[in-house]
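Notes for the one structure printed next.
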Amino acid sequence: MPDSTGLPTLGVIIVTYRSSDVVLQCLESLLNSRYPHLKIVVCDNASPDNTVGVIRDWSRGLVQVPPPQGVPIPAFGPPARRVWFRECTAADGEPAVPDDLPTVTLVHSGRNRGYAGGVNVGLDILRRHPEIGMFWVLNPDCVVTPETATAFVEAARKHPGFGLMGGRIRYFDPQEQIQSDGGRLHPWTGMCANIGLGQPAQDTPPPDPSRIQFVNGASFVASREFLERVGPMVEDYFLYYEEVDWSFRRGDLSIIYAEGAVVYHHLGTSIGSATLKRPPSAFANYFNYRNRIRFVRRFYPSHLPVAYGYSALKIAALAARGAGQEALAAFCGLFDLPPPPSVRGRLSPDAAEVAFPGRRSRAAATTETA
């Protein structure tokens, strides 16, 4: 719904975890937007680093944030700028919701709820404010161009009744290459593919929206109609496939593409996601292989034998290349086995309870290094 100026308010949800090194550039780039009607909710998933502290200092105007190097984004504002800011907490299921939303709300989730759990906390706060008609989910390791928010709003105006909307996600390094213009999924294997992956951004035209089967979780917009019809994200993936699952639940609501909506993505700064320059970590492999099968079981159950066989061949190839830890983690994930120590040891006990419900281990009980 529009505000008193006639322009819709765009709610932004950022889920942070160990994000102290990247989140301020993300926030500054949002405040640099030429579209002024943004309400930002940062849901911190109990970060063990100084993520909360740096956000507080930044909101008080105590931190000068340098613009990202090599990315065509204007210089950020002066260090003395104070931000209309408020903090609140989220007990299980019921956040303390401000009556009037400031520019930035920092909500303490109380534990590491995973990607979908953190997004849902932010959605629950924003959806209670009827002036917010769209919900922009954005990773903390992204920076956005000043035109991106306007491009989302313009695309929504041209395509009323949409469900989900994506734009162009470019790598932070190399910034001239595309990470994703949306995604497609192979129904027999559950494998996801990014449209435009690795292509030169300046020479690649926008995709045909009819080819986009899912939005990329690093940056996408959901309409209020989509949220009310489909509901929140499914939380049992913990990491990876949540946005794919959400996209496949949209029914007859369309996915649209916003030309001019560009973000630059560091990609997997804390979890080891694959990039053009590095393979996925053991941690990323466990959740990718586990959640691929969960997704296929939910949406294409008759395809499970093929999905298992294809994944097993991929794991064998990993092992043959000498990537033993990565192959072991993928094997455990594929068959929904308890994760190896190299994976579980990265999660604190409360996070492990969310990611692997009902499974405890001595390593999880003594590790606080999620």
Scanning for something under 26 Å from Arg297 (Cα atoms), part of a strand (DSSP E or B), modelled with pLDDT of 95 or more and touching a Cys at 6+ places or on another chain (Cβ under 9 Å), does segment 208-218 turn up at least one residue?
yes
Of all residues in segment 108-145, which are more than 20 Å from the chain's Cα centre (by Cα) and in contact (Cβ under 8 Å) with a residue 40 or more places away in the chain?
His129, Pro130, Glu131
Residue in segment 32-44 that is in contact (Cβ under 8 Å) with a residue 24 or more places away in the chain, of a type in the set (Lys, Arg) and farther than 22 Å from Ser109 by Cβ present:
yes
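To keep it simple, each residue is scored yes or no on (1) modelled with pLDDT of 95 or more; (2) assigned by TED's automatic domain parsing to the domain that holds His37; (3) surrounded by 22 or more Cβ atoms within 10 Å (Cβ to Cβ).
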{"residue": "Glu131", "(1), (2), (3)": "no, yes, no"}
{"residue": "Val137", "(1), (2), (3)": "yes, yes, yes"}
{"residue": "Val143", "(1), (2), (3)": "yes, yes, yes"}
{"residue": "Ala149", "(1), (2), (3)": "yes, yes, yes"}
{"residue": "Arg157", "(1), (2), (3)": "yes, yes, no"}
Do the conditions hold for Leu126, that is, is it in contact with a Gly (Cβ under 7 Å, 6 or more places away or on another chain) and surrounded by 23 or more Cβ atoms within 10 Å (Cβ to Cβ)?
yes
Restricted to segment 292-306 and to residues being of a type outside the set (Phe, Trp, Tyr) and under 25 Å from the mean Cα position of the chain (by Cα), the residue nearest to Arg249 (Cα to Cα) is Arg298
Checking the conditions here, which among Pro200, Pro174 is over 17 Å from the mean Cα position of the chain (by Cα) and either at pLDDT below 95 or not assigned by TED's automatic domain parsing to the domain that holds Val71 (or both)?
Pro174
Could we say that Arg113 is of a type outside the set (Asp, Glu) and surrounded by fewer than 23 Cβ atoms within 10 Å (Cβ to Cβ) here?
no
For segment 196-233, give me each residue that is of a type in the set (Gly, Ala, Ser) and within 19 Å of Ser254 (Cβ to Cβ).
Ser210, Gly217, Ser219, Ala222, Ser223, Gly231
Is it the case that some residue within segment 291-300 is in a helix (DSSP H, G or I) and without any contact (Cβ under 8 Å) to a residue 40 or more places away in the chain?
yes
Just one listed residue, out of Ala330, Ala320, is surrounded by fewer than 18 Cβ atoms within 10 Å (Cβ to Cβ) and not assigned by TED's automatic domain parsing to the domain that holds Trp246, and it is Ala320
Filter segment 47-64 for residues that are buried (at least 19 other Cβ atoms within 10 Å of the Cβ) and either of a type in the set (Ser, Thr, Tyr) or not in a helix (DSSP H, G or I) (or both) and give the result.
Ser47, Thr51, Ser59
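The values are calculated or read from the model by the stated rules, or taken from the named source; none is laboratory data. Computed from a predicted model, the values in this text were never measured in an experiment. FYI the Cβ positions are ideal-geometry reconstructions off the backbone, even for glycines, and counts take in every protein chain you see.
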